[in-house]
Amino acid sequence: MSSTASTASTTAVPAAPRVARTATGTDTLRLRWGRRLQHGGWFVTPFFVLYGLFVLVPIVRGLYLSFTDANISGDHTSFIGLDNYREALQDDLVWQSLWHSVKFTLWVVPLIVVLALLMALIAHHTVHFKWLWRFCFFAPFLLPSAVVANLWYWLFQPVNGLVNHTLGLDTPWLTQKSTALLASVIATLWWTVGFSFLLYLAALQNIPQHLYEAAELDGANAFQRMIHITVPNLRNITGLVVALQILASLQVYDQVVIMFQFGSGPESSTRTFVQYMIEQGFTSYRVGYASAISMILFIIVAAVALARMWLLRTREEATR
């Protein structure tokens, strides 16, 4: 009888602490996360409020307006469904301006990748006056777009412009259809390459030096070390630079518009997608149609960003 009671007591005793430990651990976990949310929430709330007011609300509002015939005054707005999108897909000027933005992107992105990498290599391997090289390469990026556009507007003048005077040309850069968009590409390269240069420079400084030393001991020359060590280690940064420049180039507007005195260049050769969207909204007063065009641009930009994320994830899974 006593042995049975003792056996029952020994089997019943361990169960109680186990339940107590589980309950205590759950309560502790809830308390810990509750404190984190309580204190951390005050820090992230201002960001979420501003993000909602200036990002989410305009996106939702623009999406709604894209299904209406809203004008700039906001009066007599009616729901018209997908009519704006059908019109945009059949609008030749939409496709023309989109092609201008794509062509601008195809010029800018490869050139920025190559120039930024070369500039980073120069600044990284230079022995004397490293700070001066870094400052000169990055300084143009600090200038406002209006300053850059007006500066290059005078540099590209056919008679007194520094570009023609230096190269011995008399090319009307800004008034000739074949060179107008190229002029905006050159100005954009000079202005924005400094940011990509800074990313490459930071990445170069993180490459382990012993890799170069081992390759040099194996007889690899400078070009071989760059191809087999530098370029592979900069693969992620190159992908980031390409993605950021694609997103920025597809949305190009201010420097192109200011360089051509708020016009669209000779024979509309520099009218970009964003410029056409703004013209429809604030010149033709068709806010609904402009909102539909902006949603098309949003889809394109989102597709590029998602493609970048997918490629990065695929590469990470392949290296595991």
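Put simply, of Val94, Val148 the only residue that is of a type in the set (Val, Ile, Thr), closer than 30 Å to Ala70 by Cβ and crowded, with 17+ Cβ neighbours inside 10 Å is Val94.
Just give me the residues in region 276-305 being aromatic (Phe, Trp, Tyr), open to solvent by 20 Å² or more (accessible area, probe 1.4 Å) and in a helix (DSSP H, G or I), in sequence order. Before you say what the answer is, go through the steps one by one.
First, the residues of region 276-305 that are aromatic (Phe, Trp, Tyr): 276, 282, 285, 289, 298.
Subsequent filtering for residues that are open to solvent by 20 Å² or more (accessible area, probe 1.4 Å) retains 282, 285, 298.
Selection gives Phe282, Phe298.
Just so you know, in region 241-250 the residues that are surrounded by fewer than 19 Cβ atoms within 10 Å (Cβ to Cβ) and in contact (Cβ under 8 Å) with a residue 60 or more places away in the chain include one that is farthest from Trp107 (Cα to Cα), and it is Ala243. Step by step: first the residues of region 129-160, then only those that are in a loop (DSSP other than H, G, I, E, B) and at pLDDT below 90, then the one that is nearest to Asp254 (Cα to Cα). Which residue is that? This residue is Pro158. Taking the condition farther than 30 Å from Ile122 by Cα and either outside the structural domain of Thr192 (by TED's automatic domain parsing) or open to solvent by 50 Å² or more (accessible area, probe 1.4 Å) (or both), does Phe262 pass? So Phe262 fits the description; yes.
Pairing residues of region 277-297 that are closer than 16 Å to Tyr64 by Cβ with residues that are open to solvent by 50 Å² or more (accessible area, probe 1.4 Å) and assigned to a helix (DSSP H, G or I), at Cβ distances under 7 Å and at least 6 apart in sequence or on separate chains, gives Tyr289/Glu87; Met295/Leu63. Restricted to helices (runs of 4 or more DSSP H) entirely inside region 212-275, those with at least 3 residues that are more than 26 Å from Ala290 (Cβ to Cβ) are 222-225, 235-250.
Residues being more than 16 Å from Pro140 (Cα to Cα), part of a helix (DSSP H, G or I) and open to solvent by less than 70 Å² (accessible area, probe 1.4 Å): count how many of those fall in region 189-211.
Taking region 189-211 as the starting set, the residues that turn out to be more than 16 Å from Pro140 (Cα to Cα) are 200-211.
Next, from what is left, pick out any that are part of a helix (DSSP H, G or I): 200-205, 209-211.
So of that shortlist, the ones also open to solvent by less than 70 Å² (accessible area, probe 1.4 Å) come out as 200-204, 211.
Of the residues in region 189-211, 6 are more than 16 Å from Pro140 (Cα to Cα), part of a helix (DSSP H, G or I) and open to solvent by less than 70 Å² (accessible area, probe 1.4 Å).
The residue that is nearest to Phe273 (Cα to Cα), among those in region 72-91 that are open to solvent by less than 30 Å² (accessible area, probe 1.4 Å) and touching a residue at least 60 places away in the same chain (Cβ under 8 Å), is Ala88.
Looking at region 215-226, which of its residues are of a type outside the set (Asp, Glu), over 30 Å from Ala307 (Cα atoms) and surrounded by 13 or more Cβ atoms within 10 Å (Cβ to Cβ)? Selection gives Ala215, Ala220, Gln224, Arg225.
In the set (1) touching a Phe, Trp or Tyr at 6+ places or on another chain (Cβ under 8 Å); (2) touching a residue at least 60 places away in the same chain (Cβ under 8 Å); (3) open to solvent by less than 30 Å² (accessible area, probe 1.4 Å); (4) over 18 Å from Trp107 (Cα atoms), Ile229 fails one condition alone, (2). Restricting to region 151-186, give me the number of residues that are β-branched (Val, Ile, Thr), surrounded by fewer than 16 Cβ atoms within 10 Å (Cβ to Cβ) and farther than 17 Å from Pro266 by Cβ. Going through region 151-186 one residue at a time, the tally reaches 2.
The values are calculated or read from the model by the stated rules, or taken from the named source; none is laboratory data. Keep in mind it's a predicted model, so treat the numbers as computed, not measured. We place every Cβ from the backbone using ideal geometry, glycine too, and count neighbours over all the protein chains shown. Side chains are part of the model used for accessible areas, which takes the heavy atoms of the whole protein and leaves out ligands, DNA and RNA. Shrake-Rupley method; radii C 1.70, N 1.55, O 1.52, S 1.80 Å.
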